[in-house]
Amino acid sequence: MKTLDRISQFAGNTFAIWVLLFAVLAFFMPGSFTWIAPYISILLGIIMFGMGMTLSVDDFKEVLKHPKKVAIGVLAQFTLMPLIAFGLAVGFKLPPEVAAGVILVGCCPGGTSSNVMTFLARGNVALSVAITSCTTLLAPFITPALILWLASKWLPVSAGDMFLSVVKIVLIPIILGLIAKMLFRKQVEQSVKAMPLVSVIAIVAIVAAVVSGSQQKIAETGLLILLVVILHNCLGYLLG
């Protein structure tokens, strides 16, 4: 178990390296990763289920301790990031599908990786977890509305279908994770140490599947997409 803990911690600490490595491999060897595409929803559900198992009442106590800080974080997540994404899509005159993708990324909540980054940067991890928990639970309601508002200029968007998709992929797995933790606390507390490893593997697999499936489009607009992604993150950090 200690060996698994060390491997899991190592995977979490080197998360960005694995994502970049497999993104490059998927770009140059797309045929090796396209088979993952049908399982993306399942992998996302596994990540959210794991996040549900890591949540606790103490995470939400942080909301009561620092309501203003949490509110600012949640508000920034659902205003600054979507608007920056929209501004970049308009400013760079991105193709419709790329523009919609950039805006979708901007409208999604912060994930567990943000908590890992906060930990590595020696930030307030408890506050990061509280904000991530709140934005994730709010995502099924806010993300579809934001996508409908900002991305419908480029592609037709069904807010209802997106709502149901987010509920199935995000909300239900998180709730099941919380229930599992309540019913099997000891087993979950032992297994949760492996969640960084599981999350890293799942995220890397998703990235590889997406890159391999969009290899031709990335080859055409790869540098532009890379620039937009870098600017989106840097502007978000700067305004934060």
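Quick notes on this one:
- Between region 129-150 and region 50-82, the alpha-carbon centres lie 11 Å apart.
- Per-pair calculated FRET efficiency, R0 = 35 Å: Cys234 and Leu21 via Cβ, rounded to 0.05: 0.95
- Compactness of region 1-137 was expressed as the Cα radius of gyration divided by 2.2 N^0.38 Å, which yields 1.22.
- Applying the Karplus relation 6.51 cos²θ - 1.76 cosθ + 1.60 with θ = phi - 60° to region 98-106 yields 3J(HN,Hα) values of 6, 4, 4, x, 4, 5, 4, 4, x Hz, where x marks Gly and Pro.
- Per residue, the chain reaches -26500 deg cm²/dmol at 222 nm when only DSSP H runs of four or more residues are counted, each adding -39500 (n - 2.57).
- Label point 7 Å beyond Cα of Ile201 along Cβ direction - residues of region 37-62 with amide nitrogen under 17 Å: 37, 39-51
- Total charge dipole magnitude, region 2-239, about the Cα centre, Cβ charges on Lys, Arg, Asp, Glu only, Debye to nearest 20: 480 debye
- Rounded to the nearest 20 debye, the dipole magnitude of region 1-143 is 300 debye, with +1 charges on Lys and Arg beta carbons, -1 on Asp and Glu beta carbons, and the Cα centre as origin.
- For Lys181, the aspartates and glutamates whose Cα falls under 15 Å of its own Cα, not counting residues fewer than eight places away in the same chain, are Asp58, Asp59, Glu189.
- Evaluated at q = 0.09, 0.10, 0.14 Å⁻¹: base-10 log I(q)/I(0), Debye formula over Cα of the chain: -0.39, -0.49, -1.02
- Taken as Cα centroids, region 10-48 and region 215-240 sit 18 Å apart, rounded to the nearest whole angstrom.
- The chain: relative contact order in percent, alpha carbon pairs under 8 Å with at least 6 residues between: 41 percent
- Within a Gaussian network of the chain (alpha carbon springs, distance under 10 Å), most fluctuating of Met53, Met182, Met81: Met182
All of the numbers you see were taken from the coordinates with simple rules; none came from a lab. Please read these numbers as outputs of a predicted model, since none were measured by experiment. Neighbour counts are summed over all protein chains in view; Cβ atoms, including those assigned to glycine, are modelled from backbone coordinates with ideal geometry.
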